Amino acid sequence: MQRLLILTTALTALAACSEHSAPSGVGGTTVAVEDNRFTPQQLPIASGSTVTWQWRGGSLHNVTFDDGPTSTTQEDGQFQRQFTAAGTYPYHCTIHGLAMSGSVVVQ
Ligand SMILES: [Cu+2]
């Protein structure tokens, strides 16, 4: 029973936290790396922004950009990349292929 209470408390804290990391207007710059998808799949950002990929699933994933930069393949952790030029930057996870893909759109 106590374990359920701790879990509920943790989930509530997590929900409150994710609300804070996605402010309205400016748009969040965090992408969740889940099993097996990126959320949001398409992320519009302003030039100069740094995007953080936050691993949330329990499986191995990576972030591999078509134009080069690649994260480590890991079960949890983070990966960051700054974007300074406008354009669309597609990426995917090489383990799960194009089924697990996304893009960053720099405006
Ligand atoms: Cu994957």
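Placing a pseudo-label 7 Å from each Cα along the Cα-to-Cβ vector at His96 and Ala46 gives an inter-label distance of 3.1 nm.
Kindly rank 56-64, 73-81 from highest to lowest mean number of other beta carbons found within 10 Å of each residue. Kindly include the intermediate steps, with their values, before the conclusion.
Values: 56-64: 17.3, 73-81: 13.7.
By packing density, highest mean first, the sequence is 56-64, 73-81.
Taking 0.36 nm per residue of separation and subtracting the Cα-Cα distance, what length does fully extending Asp67 through Val105 add? Before the final figure, lay out the partial values.
On the way: separation 38, 0.36 × 38 = 13.68 nm, distance 1.36 nm.
So the chain would gain 12.3 nm between Asp67 and Val105.
The convex hull around the C-alpha trace of the range 44-107, projected and averaged over every direction, spans 4.0 square nanometres. Derived scalar couplings between HN and Hα for the range 72-89 equal 6, 7, 8, 8, 7, x, 9, 9, 10, 8, 9, 10, 10, 10, 4, x, 10, 10 Hz in order, rounded to whole Hz, by the Karplus curve 6.51 cos²θ - 1.76 cosθ + 1.60 (θ = phi - 60°), x for Gly and Pro.
Readers should treat all values here as calculations from the given coordinates under stated rules, not as data from a laboratory. These figures come from a predicted structure and were not determined experimentally. For neighbour counting, all protein chains shown are included, and Cβ atoms are generated from backbone atoms with ideal geometry for every residue, glycine included.
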